[in-house]
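These notes are about the structure you will find just below.
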Amino acid sequence: MSEKKYKVGYTCGVFDLFHVGHLNLLERCKNMCEYLVVGVCDDKYVTDIKHKTPIFTEEQRVRILNALKVVDKAELVSIEETEDKMLALQRFRFDVLFSGDDWKGSERYLRTEQQFAEYGAHIEYLPYTNGISTTQLKNEMKNN
Ligand code: CTP
């Protein structure tokens, strides 16, 4: 018998230079769902939207995520699927989207919550791990 709150969960991100902040997030997601799908933002999203240069290519980032026992499936997602979570919902048919709690209450996410409600999908907001990020790691490496 299942003890998890949701069946299929989904989260997405760049996950460059995979670190323990990423791991904390994915472990929290997997604790709440049976099957965790991770959308990995493609290189075009990183360069064109985040205006950053990926250190690990999109293929490498997908491979690393697929090798983790807390991840059931990782696949590349486009800019459109990253920005419009309804497209991700249509593609992956998840019951819950996990997002960072910095998005809670924002206009964009309130709208997404309403759109999701029609399909019985939920959003769970999870805490960000302070003190570590890909940007911070890049800066530390530059300074060493
Ligand atoms: N994340 C987290 N805690 C961290 C870093 C990331 O919970 N310390 C989460 C983000 O909220 C997101 C996912 O991990 O849901 C992927 O984040 P990503 O943007 O790839 O990681 P960052 O390390 O924050 O990258 P950057 O510094 O380039 O923004």
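Below 8 Å between Cα atoms, with a sequence gap of 6+, how large is the relative contact order for the chain in percent? Contact order relative to length: 28 percent. Computed over protein heavy atoms with a 1.4 Å probe, the carbon and sulfur contribution to the accessible area of the chain reaches 50%. Per-residue ellipticity at 222 nm computed for the chain from its helices equals -11000 deg cm²/dmol, with DSSP H segments shorter than 4 residues left out and the rest contributing -39,500 (n - 2.57). The residues of the chain expose on average 59 square angstrom of accessible surface per residue, using a 1.4 Å probe on protein heavy atoms. Of the trypsin sites (Lys or Arg not before Pro) found in region 63-104, the ones in coil according to DSSP and having at most 11 other Cβ atoms within 10 Å of their Cβ are 69. For the chain, the Cβ-based charge dipole about the Cα centre amounts to some 320 debye (Lys, Arg positive; Asp, Glu negative; other atoms uncharged).
Principal-axis analysis of the Cα atoms of the chain puts helix 134-143 at an angle of about 10° to the longest axis. For the set 112, 53, 135, solvent exposure ranked by accessible area (probe 1.4 Å, protein chains only) runs largest to smallest as 53, 135, 112. For residue 100, the residues whose amide H sits under 5 Å from its own are 126, ignoring neighbours fewer than 5 places away on the same chain, with H placed 1.01 Å from N. For region 1-73, with only Lys/Arg (+1) and Asp/Glu (-1) charged at the beta-carbon, what is the dipole magnitude about the Cα centre, in debye rounded to 20? Magnitude of the dipole: close to 240 debye.
With a threshold of 31 Å on the Cα-Cα distance, the over-threshold entries among 69/104; 69/138; 7/52; 85/138; 7/104; 44/104 are 7/52. Taken over region 1-48, the alpha-carbon convex hull comes to 68 cubic angstrom per residue.
Inter-label distance, residue 122 to residue 27: 2.2 nm, where each label sits 7 Å from its Cα along the C-beta direction.
Here the convex hull built on the C-alpha positions of the chain has a volume of 116 cubic angstrom per residue.
The values are calculated or read from the model by the stated rules, or taken from the named source; none is laboratory data. Bear in mind that the values here come from a model prediction, so they are computed numbers and not experimental data. Cβ sites come from the backbone with ideal geometry, for glycine too, and all protein chains shown count toward neighbours. The accessibility values were calculated without ligands, DNA or RNA, using every heavy atom of the protein model including side chains. Shrake-Rupley method; radii C 1.70, N 1.55, O 1.52, S 1.80 Å.
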